[in-house]
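Quick notes on the structure that follows.
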Amino acid sequence: MTHRPHRSALYIPASNARALEKARGLPVDVILFDLEDAVSPDAKVAARQTLAAALATSYGPRLRVVRINALETDWGKDDAHAVAKMDCDAVLLPKVNGPEDLDALAALVPGLPIWAMMETPLGVLNAQAIAAHPALAGFVMGTNDLAKDLGARGRAAMVTALQHCLLAARAAGIVALDGVYNAFKDEEGLRHESVEGRDMGFDGKTLIHPAQIGVCNAIFGPSADEIALAERQIAAFDAAMAEGQGVAVVDGKIVENLHIVTARATLAKATAIAALETS
């Protein structure tokens, strides 16, 4: 997996030309162009054309991912054929239950990386096989649908599912994004859930409103203190190695090679974020 930032991933309705245009100036890492839930049935066909026209013009460094309708719906296969011709970076498939769903989509979008919505009990149980699919590049947790199917009340009831999918994603070396926080005006609640997702190990969080971008970018990116600590750990470890020692001590804590791997990843992520913000 690369160090490319995936701190914030904003859903944008593919049918909303104004929102598609506004998204070009947002400081978001990933745009999830939505042909599914955010588009009404009578607007889905026209939305494909609206989105194709928007993607023909640059979105800068933002990762462009298109969420299609499930293949078994009336729109899914036509969505896939349309997306295969669009200028995008990946296609996001909802309601993934197993690797056979990815096989079906891969045949329709040859060569285009696939992301999977993990939002069904069966999909979560099959997370390892799904993550190992050669066309798969990322997981997106669909916590609203998952809560509905589980009959779950509250995020705590989904922790096992979240961690199971995260384990599968890390084993396969793919991106893993946390689900949305529905109360978009509740910044404190968003902050709490984002910190929780970051501490679990997610790369970033999916968002439903531009006002949520700043919080997620700050929480899922390395802080100034974390960058400074990483630099000190690397310097101390290099000095220890030069003296023939296998470990170093920083702030009273042992630093060995595994910590240096993490420290270098932190600095690489910070560098990638800085490049993204200046491009």
All conditions in (1) touching a residue at least 40 places away in the same chain (Cβ under 8 Å); (2) assigned to a loop (DSSP other than H, G, I, E, B) are true of CYS165 except (2)
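Within 14 Å of the chain's Cα centre (by Cα) and modelled with pLDDT of 95 or more: which single residue out of LEU10, LEU35, LEU20, LEU51 fits that description?
Details: LEU35 fails: within 14 Å of the chain's Cα centre (by Cα); LEU20 fails: within 14 Å of the chain's Cα centre (by Cα); LEU51 fails: within 14 Å of the chain's Cα centre (by Cα).
It is LEU10.
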Cβ pairs under 9 Å, 6+ apart or interchain, first in segment 184-208 and within 17 Å of LEU10 (Cα to Cα), second assigned to a helix (DSSP H, G or I) and of a type in the set (Asp, Glu), ordered by first then second residue, are LYS205/GLU193
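State yes or no: is HIS259 assigned to a helix (DSSP H, G or I) and either modelled with pLDDT under 95 or farther than 30 Å from LEU10 by Cα (or both)? Reasoning before the result, please.
Working: assigned to a helix (DSSP H, G or I): yes; either modelled with pLDDT under 95 or farther than 30 Å from LEU10 by Cα (or both): yes.
Spelling it out, HIS259 is indeed assigned to a helix (DSSP H, G or I) and either modelled with pLDDT under 95 or farther than 30 Å from LEU10 by Cα (or both).
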Given the conditions (1) charged (D, E, K, R); (2) out of contact with any Ser or Thr (no Cβ under 6 Å at 6 or more places or on another chain); (3) under 24 Å from ILE174 (Cβ atoms), every one holds for GLU256 apart from (3)
Selection from segment 245-261 of residues over 15 Å from ALA235 (Cβ atoms), β-branched (Val, Ile, Thr) and over 32 Å from the mean Cα position of the chain (by Cα) yields ILE254
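State the number of residues belonging to segment 238-255 that are among the hydrophobic types (A, V, I, L, M, F, W, C) and either open to solvent by 30 Å² or more (accessible area, probe 1.4 Å) or touching a residue at least 24 places away in the same chain (Cβ under 8 Å) (or both). Before the answer, list the steps.
In the first step, residues of segment 238-255 are kept if they are among the hydrophobic types (A, V, I, L, M, F, W, C); the result is 239-242, 247-250, 254-255.
Checking which are either open to solvent by 30 Å² or more (accessible area, probe 1.4 Å) or touching a residue at least 24 places away in the same chain (Cβ under 8 Å) (or both) leaves us with 239, 241-242, 247, 249, 254.
Count: 6.
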For strands (runs of 3 or more DSSP E) lying entirely in segment 17-124, having 1 or more residues that are aromatic (Phe, Trp, Tyr) picks out 30-34, 114-118
ask   = Somewhere in segment 175-189, is a residue open to solvent by 40 Å² or more (accessible area, probe 1.4 Å), closer than 16 Å to ILE219 by Cβ and part of a helix (DSSP H, G or I)?
value = yes
Checked ILE213, ILE227 against criteria (open to solvent by less than 60 Å² (accessible area, probe 1.4 Å), β-branched (Val, Ile, Thr) and either over 21 Å from GLY138 (Cα atoms) or not in a helix (DSSP H, G or I) (or both)); the one match is ILE227
Expected single match for open to solvent by less than 10 Å² (accessible area, probe 1.4 Å), under 17 Å from the mean Cα position of the chain (by Cα) and among the aliphatic types (A, V, I, L, M) among LEU167, LEU112, LEU162 is LEU162
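Of the residues GLY25, GLY60, which single one is touching a residue at least 60 places away in the same chain (Cβ under 8 Å) and open to solvent by 10 Å² or more (accessible area, probe 1.4 Å)? Walk me through it before giving the result.
Details: GLY25 fails: touching a residue at least 60 places away in the same chain (Cβ under 8 Å).
Of the residues listed, the single one that is touching a residue at least 60 places away in the same chain (Cβ under 8 Å) and open to solvent by 10 Å² or more (accessible area, probe 1.4 Å) is GLY60.
Residues to consider are GLY214, GLY204; find the one that is modelled with pLDDT of 95 or more, of a type in the set (Gly, Ala, Ser) and touching a His at 6+ places or on another chain (Cβ under 6 Å). Outline the logic, then answer.
Values: GLY214 fails: touching a His at 6+ places or on another chain (Cβ under 6 Å).
Matching residue, one of GLY214, GLY204: GLY204.
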Picked from segment 1-22 (must be surrounded by fewer than 19 Cβ atoms within 10 Å (Cβ to Cβ) and charged (D, E, K, R)), the residue farthest from VAL65 (Cα to Cα) is ARG18
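The values are calculated or read from the model by the stated rules, or taken from the named source; none is laboratory data. Since this is a predicted model, take the numbers as computed values, not measurements. As a convention, Cβ positions derive from the backbone with ideal geometry for all residues, glycine included, and neighbour counts pool all protein chains shown. Heavy atoms of the whole protein, side chains included, go into the accessibility calculation; ligands, DNA and RNA do not. Shrake-Rupley method; radii C 1.70, N 1.55, O 1.52, S 1.80 Å.
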